[in-house]
Amino acid sequence: IQIVPNNVVSWHAGTSVLAGRSDCNEWCIGIEICNNGVGEVYTNAQYESVAQTVAYNTALYHIPDLHVSSHARVALPAGRKNDPKGWDWHRMWVRVDTLRASWPFDIQEWHDNGAVVDPRVITT
């Protein structure tokens, strides 16, 4: 469920930096994956939902895959956040690639008015 629209700031990353650019909250799309962080297994539905969100938003906003990141990677100071702990990135990327390969229409058709806004980075 998307709670915060992509054009609204969500305070998910806190003090952060990615690729030399600080304050990820201001320019990132935040994806929160509910999990207790101490070994709870992520569900198939969570992997599917995140893969669909990543595939769609990377295409819509022209986000390079290498800018899909995690709170653990962007949070300052290093080690302040560790999520998504235990996330299988390979599994997610395999599904993202499958979704991209089977899209029946151009990504612009998914957007209400066809407008593309500034590229953003996604963190989980």
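The values are calculated or read from the model by the stated rules, or taken from the named source; none is laboratory data. Being a predicted model, the structure only gives us computed values, none of them experimental. Note that we place each Cβ from the backbone using ideal geometry, even for glycine, and neighbour counts take in every protein chain shown. Protein only, heavy atoms only, side chains kept; ligands, DNA and RNA dropped before computing areas. Shrake-Rupley method; radii C 1.70, N 1.55, O 1.52, S 1.80 Å.
Residue count for region 87-102 under the criterion of being of a type outside the set (Asp, Glu), assigned to a loop (DSSP other than H, G, I, E, B) and in contact (Cβ under 8 Å) with a residue 12 or more places away in the chain: the result is 1. Being part of a loop (DSSP other than H, G, I, E, B), closer than 27 Å to Ala101 by Cα and of a type in the set (A, V, I, L, M, F, W, C) is a description that applies to Ile63.
Just one residue in the set Pro84, Pro77 is modelled with pLDDT of 90 or more, under 22 Å from Val4 (Cβ atoms) and assigned to a loop (DSSP other than H, G, I, E, B); that residue is Pro84. Scanning region 17-44 for residues that are of a type in the set (S, T, N, Q) and within 23 Å of Pro77 (Cβ to Cβ), we see that the one that is most open to solvent (accessible area, probe 1.4 Å) is Ser22.
All of Ser69, Ser49 fail the test of being of a type outside the set (Asp, Glu) and over 20 Å from Ile1 (Cβ atoms), apart from Ser69. Restricting attention to region 92-110, does a residue exist that is under 18 Å from Cys34 (Cα atoms), at pLDDT 90 or above and surrounded by 14 or more Cβ atoms within 10 Å (Cβ to Cβ)? Yes, because at least one residue in region 92-110 is under 18 Å from Cys34 (Cα atoms), at pLDDT 90 or above and surrounded by 14 or more Cβ atoms within 10 Å (Cβ to Cβ). Filtering Val50, Val9, Val38 for residues that are touching a residue at least 40 places away in the same chain (Cβ under 8 Å), more than 27 Å from Thr98 (Cα to Cα), among the β-branched types (Val, Ile, Thr) and out of contact with any strand residue (DSSP E or B) (no Cβ under 6 Å at 6 or more places or on another chain) leaves a single hit, Val38.
For Val17, only one of the following conditions fails: (1) of a type in the set (Val, Ile, Thr); (2) assigned to a loop (DSSP other than H, G, I, E, B); (3) more than 11 Å from the chain's Cα centre (by Cα). What is its number? Exception for Val17: condition (2).
Report whether or not Glu26 is over 18 Å from Leu99 (Cβ atoms), at pLDDT 90 or above, under 16 Å from the mean Cα position of the chain (by Cα) and among the charged types (D, E, K, R). Criteria met by Glu26. Figure legend. Inter-residue proximity from region 59-70: first residues at positive phi, second residues open to solvent by 20 Å² or more (accessible area, probe 1.4 Å), beta-carbon distance below 9 Å, spacing 6+ or different chains. Indicated pairs: His62/Val116; His62/Pro119.
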